[in-house]
Amino acid sequence: MKRLKSTFKIVLAAFWVIFSVQQKAEAKSWDDAHLRDSLLQQMDAVDISLLTCGPGTEVWSLYGHTAIRYQNHDKKTDVAVNYGAFSFEQDYFVPRFVFGLTDYCMDVMPMRVFMREYEHEGRWVVQQDLNLTREEKAAITLALEQNSLPENRDYRYNFFYDNCTTRAKDMIIYHLNISDYKSDNQWNNESYRTMVHQWNEHHRWSRFGNDLLLGIKSDFKTDKEASFFLPDSLRKHFNSIVLINNDGTTRKLVSKEFYLIDNHKTGETLTIEQFLLTPVTMFGFLFVIVLLISLLQLYTKGNYWLLDLFLLLSSGVAGLILLAMVFSQHPTVSINLQILVLNPLSLVFLYSTMKAERKRLVHVYWKVLFCCIILFFIGSFWQTYAEGISFVALILLVRSWMAVRVIPKNK
(Lines give C-alpha, C1' and ligand atoms only; values in the text may rest on other atoms or scores of the structure.)
Protein backbone atom coordinates (compact mmCIF):
# COMPACT_ATOMS: atom_id res chain seq x y z
CA MET A 1 0.00 0.00 0.00
CA LYS A 2 2.99 2.33 0.29
CA ARG A 3 5.76 2.47 -2.25
CA LEU A 4 9.30 1.98 -0.96
CA LYS A 5 11.63 4.90 -1.55
CA SER A 6 15.34 4.24 -1.39
CA THR A 7 16.10 7.43 0.54
CA PHE A 8 14.13 6.15 3.50
CA LYS A 9 16.42 3.12 3.82
CA ILE A 10 19.14 5.43 5.14
CA VAL A 11 16.71 6.94 7.65
CA LEU A 12 15.61 3.48 8.72
CA ALA A 13 19.15 2.28 9.32
CA ALA A 14 20.30 5.44 11.09
CA PHE A 15 17.35 5.58 13.44
CA TRP A 16 17.41 1.98 14.53
CA VAL A 17 21.21 1.83 14.90
CA ILE A 18 21.10 4.74 17.35
CA PHE A 19 18.03 3.32 19.03
CA SER A 20 19.43 -0.21 19.28
CA VAL A 21 22.68 0.89 20.94
CA GLN A 22 20.72 2.40 23.81
CA GLN A 23 18.13 -0.33 24.14
CA LYS A 24 19.88 -3.60 23.32
CA ALA A 25 21.74 -3.95 26.64
CA GLU A 26 18.50 -3.32 28.52
CA ALA A 27 16.59 -5.77 26.35
CA LYS A 28 19.14 -8.54 26.94
CA SER A 29 19.13 -7.87 30.67
CA TRP A 30 15.39 -7.58 31.10
CA ASP A 31 15.52 -9.76 34.20
CA ASP A 32 17.85 -7.30 35.89
CA ALA A 33 15.56 -5.18 38.06
CA HIS A 34 17.64 -2.02 37.83
CA LEU A 35 17.81 -2.00 34.04
CA ARG A 36 14.18 -3.00 33.75
CA ASP A 37 13.08 -0.12 35.95
CA SER A 38 15.29 2.25 33.99
CA LEU A 39 13.72 1.18 30.71
CA LEU A 40 10.21 1.48 32.13
CA GLN A 41 10.93 4.99 33.35
CA GLN A 42 12.05 5.96 29.85
CA MET A 43 8.62 4.91 28.59
CA ASP A 44 7.07 7.93 30.31
CA ALA A 45 8.51 10.00 27.47
CA VAL A 46 7.20 7.63 24.79
CA ASP A 47 3.88 7.97 22.94
CA ILE A 48 2.65 5.33 20.49
CA SER A 49 -0.20 6.06 18.11
CA LEU A 50 -1.99 4.38 15.21
CA LEU A 51 -2.06 6.33 11.95
CA THR A 52 -4.80 5.67 9.41
CA CYS A 53 -4.45 7.23 5.97
CA GLY A 54 -7.15 7.83 3.41
CA PRO A 55 -7.18 6.37 -0.12
CA GLY A 56 -5.05 7.66 -2.95
CA THR A 57 -5.46 7.49 -6.71
CA GLU A 58 -2.95 4.71 -7.46
CA VAL A 59 -4.27 1.15 -7.58
CA TRP A 60 -2.25 0.05 -4.54
CA SER A 61 -3.43 3.08 -2.51
CA LEU A 62 -7.20 2.85 -3.08
CA TYR A 63 -7.77 1.12 0.25
CA GLY A 64 -5.78 3.47 2.44
CA HIS A 65 -2.75 2.81 4.59
CA THR A 66 -1.83 2.13 8.22
CA ALA A 67 1.29 3.08 10.16
CA ILE A 68 2.48 3.37 13.75
CA ARG A 69 3.70 6.71 15.04
CA TYR A 70 6.51 6.37 17.59
CA GLN A 71 7.49 9.42 19.61
CA ASN A 72 10.20 9.70 22.28
CA HIS A 73 10.02 13.25 23.55
CA ASP A 74 13.22 13.05 25.60
CA LYS A 75 15.25 11.92 22.59
CA LYS A 76 13.38 14.13 20.10
CA THR A 77 12.39 11.08 18.09
CA ASP A 78 9.24 11.23 15.96
CA VAL A 79 8.92 8.59 13.24
CA ALA A 80 6.27 6.70 11.28
CA VAL A 81 6.73 2.93 11.15
CA ASN A 82 4.85 1.07 8.45
CA TYR A 83 4.81 -2.37 6.90
CA GLY A 84 3.65 -1.39 3.43
CA ALA A 85 6.95 -0.69 1.70
CA PHE A 86 7.68 -2.34 -1.64
CA SER A 87 9.54 -1.60 -4.84
CA PHE A 88 8.65 -2.14 -8.48
CA GLU A 89 12.36 -2.65 -9.04
CA GLN A 90 12.23 -6.09 -7.45
CA ASP A 91 13.13 -8.83 -9.91
CA TYR A 92 10.04 -10.21 -11.70
CA PHE A 93 7.77 -7.95 -9.63
CA VAL A 94 4.60 -8.41 -11.73
CA PRO A 95 4.66 -12.23 -12.01
CA ARG A 96 5.65 -12.49 -8.35
CA PHE A 97 2.70 -10.29 -7.40
CA VAL A 98 0.31 -12.34 -9.56
CA PHE A 99 1.39 -15.56 -7.89
CA GLY A 100 1.35 -14.07 -4.38
CA LEU A 101 5.12 -14.12 -3.96
CA THR A 102 5.70 -10.41 -3.38
CA ASP A 103 7.80 -9.38 -0.40
CA TYR A 104 6.97 -6.22 1.53
CA CYS A 105 9.08 -4.78 4.31
CA MET A 106 9.06 -2.61 7.39
CA ASP A 107 9.92 1.02 6.67
CA VAL A 108 10.68 3.92 9.02
CA MET A 109 10.67 7.59 8.09
CA PRO A 110 10.64 10.91 9.96
CA MET A 111 7.10 11.98 10.71
CA ARG A 112 7.55 15.28 8.90
CA VAL A 113 8.47 13.41 5.71
CA PHE A 114 5.52 11.07 6.13
CA MET A 115 3.14 13.99 6.55
CA ARG A 116 4.59 15.94 3.63
CA GLU A 117 4.00 13.00 1.32
CA TYR A 118 0.36 12.60 2.29
CA GLU A 119 -0.28 16.32 2.07
CA HIS A 120 1.17 16.27 -1.44
CA GLU A 121 -1.11 13.37 -2.41
CA GLY A 122 -4.16 15.07 -0.89
CA ARG A 123 -4.96 12.18 1.46
CA TRP A 124 -6.39 12.46 4.96
CA VAL A 125 -4.52 11.14 7.99
CA VAL A 126 -6.12 10.27 11.34
CA GLN A 127 -4.10 9.74 14.51
CA GLN A 128 -5.32 7.59 17.40
CA ASP A 129 -3.35 8.07 20.61
CA LEU A 130 -3.12 4.74 22.42
CA ASN A 131 -3.71 4.41 26.14
CA LEU A 132 -0.77 2.12 26.97
CA THR A 133 1.04 1.25 30.19
CA ARG A 134 4.79 1.51 30.63
CA GLU A 135 5.15 -2.25 30.23
CA GLU A 136 3.15 -2.26 27.00
CA LYS A 137 5.15 0.61 25.53
CA ALA A 138 8.40 -1.16 26.44
CA ALA A 139 7.21 -4.43 24.89
CA ILE A 140 6.22 -2.66 21.66
CA THR A 141 9.50 -0.73 21.63
CA LEU A 142 11.58 -3.91 21.91
CA ALA A 143 9.40 -5.68 19.33
CA LEU A 144 9.85 -2.82 16.84
CA GLU A 145 13.59 -2.92 17.42
CA GLN A 146 13.69 -6.67 16.80
CA ASN A 147 11.48 -6.30 13.73
CA SER A 148 13.78 -3.63 12.29
CA LEU A 149 16.74 -5.99 12.00
CA PRO A 150 17.66 -6.73 8.35
CA GLU A 151 16.82 -10.41 8.72
CA ASN A 152 13.34 -9.60 10.10
CA ARG A 153 12.21 -6.63 8.03
CA ASP A 154 10.88 -8.49 4.98
CA TYR A 155 7.71 -10.54 4.97
CA ARG A 156 5.56 -12.33 2.40
CA TYR A 157 2.69 -9.95 1.61
CA ASN A 158 -0.90 -11.18 1.54
CA PHE A 159 -3.64 -8.66 0.73
CA PHE A 160 -6.30 -10.14 3.02
CA TYR A 161 -4.33 -11.91 5.72
CA ASP A 162 -0.92 -10.25 6.15
CA ASN A 163 -0.48 -6.64 5.05
CA CYS A 164 0.57 -3.27 6.46
CA THR A 165 -2.63 -2.97 8.50
CA THR A 166 -2.69 -6.45 10.01
CA ARG A 167 1.01 -6.09 10.93
CA ALA A 168 0.38 -2.83 12.76
CA LYS A 169 -2.63 -4.36 14.53
CA ASP A 170 -0.65 -7.39 15.66
CA MET A 171 2.28 -5.26 16.82
CA ILE A 172 -0.07 -3.44 19.20
CA ILE A 173 -2.62 -6.08 20.20
CA TYR A 174 -0.09 -8.86 20.82
CA HIS A 175 1.89 -6.73 23.27
CA LEU A 176 -0.98 -5.59 25.47
CA ASN A 177 -0.65 -6.73 29.08
CA ILE A 178 -4.32 -7.54 29.62
CA SER A 179 -6.58 -10.46 30.46
CA ASP A 180 -8.99 -9.77 27.60
CA TYR A 181 -10.66 -7.01 25.61
CA LYS A 182 -14.12 -6.35 24.26
CA SER A 183 -15.47 -4.38 21.33
CA ASP A 184 -18.97 -3.19 20.52
CA ASN A 185 -18.17 -2.60 16.87
CA GLN A 186 -21.06 -4.14 14.91
CA TRP A 187 -20.50 -6.66 12.14
CA ASN A 188 -22.81 -7.53 9.24
CA ASN A 189 -21.08 -10.75 8.07
CA GLU A 190 -19.72 -9.06 4.98
CA SER A 191 -17.66 -10.89 2.38
CA TYR A 192 -14.16 -9.91 1.30
CA ARG A 193 -15.54 -8.75 -2.05
CA THR A 194 -18.15 -6.52 -0.40
CA MET A 195 -15.50 -4.95 1.82
CA VAL A 196 -13.23 -4.26 -1.15
CA HIS A 197 -16.12 -2.74 -3.11
CA GLN A 198 -16.57 -0.09 -0.44
CA TRP A 199 -13.22 1.40 -1.45
CA ASN A 200 -13.06 0.97 -5.23
CA GLU A 201 -16.64 2.01 -6.04
CA HIS A 202 -15.50 5.07 -7.99
CA HIS A 203 -12.68 3.24 -9.76
CA ARG A 204 -14.67 0.88 -11.93
CA TRP A 205 -11.81 -0.59 -13.91
CA SER A 206 -9.83 -1.28 -10.78
CA ARG A 207 -12.94 -2.97 -9.36
CA PHE A 208 -13.30 -4.89 -12.60
CA GLY A 209 -9.73 -6.18 -12.33
CA ASN A 210 -10.20 -7.19 -8.70
CA ASP A 211 -13.50 -8.93 -9.34
CA LEU A 212 -12.08 -10.69 -12.38
CA LEU A 213 -9.31 -12.27 -10.29
CA LEU A 214 -11.26 -12.91 -7.09
CA GLY A 215 -13.00 -16.26 -7.03
CA ILE A 216 -16.03 -17.70 -5.32
CA LYS A 217 -14.33 -17.83 -1.89
CA SER A 218 -14.28 -14.04 -1.77
CA ASP A 219 -18.11 -14.09 -1.64
CA PHE A 220 -18.25 -16.22 1.50
CA LYS A 221 -19.36 -14.51 4.70
CA THR A 222 -16.56 -13.61 7.13
CA ASP A 223 -16.16 -12.71 10.78
CA LYS A 224 -15.26 -9.25 12.07
CA GLU A 225 -11.59 -10.16 12.48
CA ALA A 226 -11.34 -10.67 8.72
CA SER A 227 -12.14 -7.00 8.06
CA PHE A 228 -8.98 -5.72 9.73
CA PHE A 229 -6.98 -5.91 6.52
CA LEU A 230 -8.62 -2.58 5.66
CA PRO A 231 -7.08 0.45 7.41
CA ASP A 232 -10.33 2.28 8.19
CA SER A 233 -11.95 -0.90 9.51
CA LEU A 234 -9.07 -1.28 11.96
CA ARG A 235 -9.40 2.38 12.96
CA LYS A 236 -13.08 1.93 13.80
CA HIS A 237 -12.32 -1.29 15.66
CA PHE A 238 -9.64 0.36 17.79
CA ASN A 239 -12.08 3.13 18.72
CA SER A 240 -14.50 0.57 20.14
CA ILE A 241 -12.00 -1.56 22.10
CA VAL A 242 -12.20 -1.60 25.88
CA LEU A 243 -9.24 -3.35 27.53
CA ILE A 244 -9.76 -5.53 30.59
CA ASN A 245 -6.71 -5.29 32.81
CA ASN A 246 -5.39 -8.19 34.86
CA ASP A 247 -6.86 -6.67 38.03
CA GLY A 248 -10.33 -6.45 36.46
CA THR A 249 -10.32 -2.71 35.77
CA THR A 250 -10.99 -1.41 32.27
CA ARG A 251 -9.61 1.29 29.99
CA LYS A 252 -10.20 2.45 26.45
CA LEU A 253 -7.48 1.49 24.00
CA VAL A 254 -7.75 4.85 22.20
CA SER A 255 -7.46 7.88 24.42
CA LYS A 256 -7.89 10.47 21.67
CA GLU A 257 -8.57 10.53 17.92
CA PHE A 258 -8.00 13.51 15.65
CA TYR A 259 -7.11 14.48 12.08
CA LEU A 260 -3.54 15.35 11.25
CA ILE A 261 -4.65 16.08 7.70
CA ASP A 262 -8.37 16.69 7.22
CA ASN A 263 -9.46 16.68 3.61
CA HIS A 264 -11.92 13.83 3.92
CA LYS A 265 -13.99 13.81 0.72
CA THR A 266 -17.62 12.78 1.01
CA GLY A 267 -20.40 12.35 -1.48
CA GLU A 268 -18.08 11.48 -4.36
CA THR A 269 -19.98 10.49 -7.51
CA LEU A 270 -19.07 9.21 -10.92
CA THR A 271 -18.52 11.82 -13.63
CA ILE A 272 -20.16 11.50 -17.04
CA GLU A 273 -16.84 10.44 -18.56
CA GLN A 274 -16.32 7.78 -15.88
CA PHE A 275 -19.85 6.49 -16.38
CA LEU A 276 -19.45 6.18 -20.15
CA LEU A 277 -16.14 4.34 -19.83
CA THR A 278 -17.18 1.70 -17.27
CA PRO A 279 -16.80 -2.00 -18.10
CA VAL A 280 -20.58 -2.39 -18.24
CA THR A 281 -21.03 0.30 -20.88
CA MET A 282 -18.07 -0.86 -22.94
CA PHE A 283 -18.94 -4.57 -22.96
CA GLY A 284 -22.64 -3.77 -23.29
CA PHE A 285 -21.89 -1.70 -26.38
CA LEU A 286 -19.73 -4.54 -27.74
CA PHE A 287 -22.61 -6.97 -27.19
CA VAL A 288 -24.98 -4.76 -29.17
CA ILE A 289 -22.46 -4.58 -32.04
CA VAL A 290 -21.97 -8.37 -32.11
CA LEU A 291 -25.72 -8.95 -31.93
CA LEU A 292 -26.30 -6.61 -34.89
CA ILE A 293 -23.54 -8.34 -36.86
CA SER A 294 -25.09 -11.73 -36.09
CA LEU A 295 -28.51 -10.52 -37.27
CA LEU A 296 -26.87 -9.21 -40.43
CA GLN A 297 -25.27 -12.63 -40.90
CA LEU A 298 -28.70 -14.23 -40.72
CA TYR A 299 -29.86 -11.94 -43.52
CA THR A 300 -26.80 -12.15 -45.78
CA LYS A 301 -25.98 -15.80 -44.99
CA GLY A 302 -22.32 -14.78 -44.79
CA ASN A 303 -19.50 -16.50 -42.96
CA TYR A 304 -18.05 -14.17 -40.30
CA TRP A 305 -15.38 -16.53 -39.00
CA LEU A 306 -12.92 -13.67 -38.45
CA LEU A 307 -15.23 -12.27 -35.78
CA ASP A 308 -15.30 -15.62 -34.00
CA LEU A 309 -11.53 -15.89 -34.34
CA PHE A 310 -11.12 -12.58 -32.53
CA LEU A 311 -13.60 -13.47 -29.79
CA LEU A 312 -12.17 -16.91 -29.05
CA LEU A 313 -8.59 -15.67 -29.20
CA SER A 314 -9.14 -12.70 -26.87
CA SER A 315 -11.27 -14.62 -24.35
CA GLY A 316 -8.82 -17.51 -24.41
CA VAL A 317 -5.83 -15.28 -23.68
CA ALA A 318 -7.72 -13.70 -20.75
CA GLY A 319 -8.52 -17.21 -19.59
CA LEU A 320 -4.81 -17.96 -19.29
CA ILE A 321 -4.61 -15.33 -16.53
CA LEU A 322 -7.45 -16.97 -14.61
CA LEU A 323 -5.80 -20.35 -15.10
CA ALA A 324 -2.54 -18.98 -13.68
CA MET A 325 -4.39 -17.78 -10.57
CA VAL A 326 -5.14 -21.40 -9.72
CA PHE A 327 -1.47 -21.69 -8.75
CA SER A 328 -1.33 -18.33 -6.94
CA GLN A 329 -0.68 -18.00 -3.21
CA HIS A 330 -3.26 -15.22 -3.00
CA PRO A 331 -6.36 -16.28 -1.05
CA THR A 332 -9.80 -16.63 -2.63
CA VAL A 333 -8.59 -16.77 -6.26
CA SER A 334 -8.18 -20.48 -6.96
CA ILE A 335 -11.85 -21.31 -7.71
CA ASN A 336 -13.19 -18.77 -10.18
CA LEU A 337 -16.30 -19.56 -12.23
CA GLN A 338 -15.51 -16.77 -14.69
CA ILE A 339 -13.06 -19.16 -16.31
CA LEU A 340 -16.13 -20.82 -17.84
CA VAL A 341 -16.43 -17.75 -20.11
CA LEU A 342 -12.84 -16.59 -20.33
CA ASN A 343 -11.93 -20.13 -21.17
CA PRO A 344 -8.33 -21.15 -21.98
CA LEU A 345 -9.74 -24.10 -23.94
CA SER A 346 -10.68 -21.57 -26.60
CA LEU A 347 -6.98 -21.36 -27.47
CA VAL A 348 -6.57 -25.14 -27.49
CA PHE A 349 -9.40 -25.63 -29.99
CA LEU A 350 -8.97 -22.33 -31.85
CA TYR A 351 -7.36 -23.72 -35.01
CA SER A 352 -9.64 -26.71 -35.46
CA THR A 353 -12.77 -24.69 -34.65
CA MET A 354 -11.94 -21.99 -37.21
CA LYS A 355 -10.98 -24.56 -39.79
CA ALA A 356 -14.38 -26.23 -39.43
CA GLU A 357 -16.27 -22.92 -39.42
CA ARG A 358 -14.63 -21.77 -42.64
CA LYS A 359 -16.07 -24.94 -44.21
CA ARG A 360 -19.43 -24.19 -42.54
CA LEU A 361 -19.14 -27.25 -40.31
CA VAL A 362 -20.05 -27.44 -36.63
CA HIS A 363 -17.12 -28.02 -34.33
CA VAL A 364 -17.91 -29.72 -31.04
CA TYR A 365 -16.15 -26.96 -29.09
CA TRP A 366 -18.98 -24.53 -29.79
CA LYS A 367 -21.34 -26.92 -27.99
CA VAL A 368 -18.88 -27.27 -25.12
CA LEU A 369 -18.56 -23.49 -24.83
CA PHE A 370 -22.34 -23.09 -24.97
CA CYS A 371 -22.72 -25.45 -22.00
CA CYS A 372 -19.92 -23.67 -20.10
CA ILE A 373 -21.68 -20.34 -20.50
CA ILE A 374 -24.96 -21.79 -19.20
CA LEU A 375 -23.06 -23.09 -16.15
CA PHE A 376 -21.52 -19.62 -15.79
CA PHE A 377 -24.95 -18.00 -15.47
CA ILE A 378 -26.06 -20.66 -12.99
CA GLY A 379 -22.92 -19.96 -10.96
CA SER A 380 -23.91 -16.31 -10.58
CA PHE A 381 -26.14 -17.41 -7.70
CA TRP A 382 -22.97 -18.10 -5.67
CA GLN A 383 -20.26 -15.85 -7.12
CA THR A 384 -20.37 -12.14 -7.90
CA TYR A 385 -18.79 -11.60 -11.30
CA ALA A 386 -16.82 -8.65 -12.59
CA GLU A 387 -19.20 -6.09 -14.02
CA GLY A 388 -19.55 -6.45 -17.76
CA ILE A 389 -18.47 -10.10 -17.88
CA SER A 390 -22.10 -11.18 -18.29
CA PHE A 391 -22.16 -9.21 -21.56
CA VAL A 392 -19.03 -11.07 -22.67
CA ALA A 393 -20.83 -14.31 -21.86
CA LEU A 394 -23.86 -13.21 -23.91
CA ILE A 395 -21.59 -12.34 -26.85
CA LEU A 396 -20.07 -15.82 -26.84
CA LEU A 397 -23.49 -17.37 -26.29
CA VAL A 398 -24.85 -15.63 -29.39
CA ARG A 399 -21.87 -16.72 -31.48
CA SER A 400 -22.13 -20.29 -30.16
CA TRP A 401 -25.78 -20.40 -31.14
CA MET A 402 -24.92 -19.00 -34.58
CA ALA A 403 -22.21 -21.61 -35.07
CA VAL A 404 -24.41 -24.53 -34.03
CA ARG A 405 -27.82 -23.53 -35.40
CA VAL A 406 -27.31 -21.07 -38.22
CA ILE A 407 -23.96 -21.31 -39.99
CA PRO A 408 -24.32 -24.95 -41.16
CA LYS A 409 -27.76 -24.16 -42.63
CA ASN A 410 -26.33 -21.32 -44.72
CA LYS A 411 -24.18 -23.64 -46.80
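The values are calculated or read from the model by the stated rules, or taken from the named source; none is laboratory data. This one's a predicted model, so the numbers in the text were calculated from it and none came from an experiment. So basically every Cβ, Gly included, is an ideal-geometry build from the backbone, and we count neighbours across all protein chains shown. Quick note on the areas: whole protein, heavy atoms, side chains included, nothing else; ligands and nucleic acids left out. Shrake-Rupley method; radii C 1.70, N 1.55, O 1.52, S 1.80 Å.
Some observations on this one:
- Fluctuation leader among Thr278, Thr166, Thr300 - the chain, Gaussian network, Cα springs under 10 angstrom: Thr300
- Seen from Lys137, the other residues with C-beta closer than 11 Å to its C-beta sum to a net charge of -3, counting Lys and Arg as +1 and Asp and Glu as -1.
- Between the range 35-61 and the range 341-372, the C-alpha centres lie 58 angstrom from each other.
- Overall, the accessible surface of the range 38-146 at a probe of 1.4 angstrom is composed of carbon and sulfur to the extent of 51 percent.
- Rounded if a/c under 1.5, otherwise prolate or oblate - the range 195-260, Cα gyration tensor axes: oblate
- Nonpolar atom fraction for the range 294-362, defined as the carbon and sulfur part of the 1.4 Å probe accessible area, stands at 74 percent.
- Per-pair calculated FRET efficiency, R0 = 51 Å: Lys75 and Trp382 via Cβ, rounded to 0.05: 0.35
- With a 1.4 Å probe rolled over the protein heavy atoms of all chains, the accessible area of Phe114, Phe159 falls in the order Phe159, Phe114, largest first.
- Candidates Ile68, Ile289, Ile395, ranked by Gaussian network fluctuation over the chain, Cα under 10 Å, top entry: Ile289
- Taking a quarter of the surface of the Cα convex hull of the chain gives a mean projected area of 23.6 nm².
- The slack between Cys371 and Val348, meaning 0.36 nm per residue of separation minus the straight C-alpha distance, is 6.6 nm.
- The residues of the range 309-393 expose on average 48 square angstrom of accessible surface per residue, using a 1.4 Å probe on protein heavy atoms.
- In the calculated pair-distance distribution of the range 37-96, the portion above 18 angstrom amounts to 56 percent of the Cα-Cα pairs.
- For the chain, built as a Gaussian network whose Cα springs stay under 10 Å, the top-fluctuating residue of Phe99, Phe287, Phe381: Phe381
- Cα-centred dipole magnitude for the chain, charges only on beta-carbon of K, R (+1) and D, E (-1), debye, nearest 20: 2220 debye
- Note, ³J(HN,Hα) from phi for the range 297-303, Karplus 6.51, -1.76, 1.60, rounded to Hz, x at Gly and Pro: 5, 4, 6, 8, 6, x, 10
- Just the protein heavy atoms count here, and of the accessible area of the range 197-267 at 1.4 Å, carbon and sulfur take up 51 percent.
- Net charge dipole size for the range 92-196 [Lys, Arg +1 and Asp, Glu -1 on Cβ; Debye, nearest 20]: 160 debye
- Toward the positive end of the charge dipole of the range 208-363, with +1 on the Cβ of Lys and Arg and -1 on the Cβ of Asp and Glu, the farthest Cα among Val333, Phe310, Leu214 is that of Phe310.
- For Arg96, Arg399, the ranking by accessible surface with the largest value first comes to Arg96, Arg399, using a 1.4 Å probe.
- Working note: Karplus 6.51/-1.76/1.60 with θ = phi - 60° gives the range 376-392 the couplings 4, 5, 5, x, 5, 5, 10, 10, 8, 8, 4, 4, x, 5, 5, 5, 4 Hz, where Gly and Pro are set to x.
- Cross-link reach is defined here as a Cα-Cα straight distance under 13 Å, omitting same-chain residues fewer than 8 places apart; for Lys256 the aspartates and glutamates meeting it are Asp47, Asp129.
- As a calculated quantity, the FRET efficiency between Val242 and Ser328 at R0 = 60 Å, using C-beta atoms, amounts to about 0.95.
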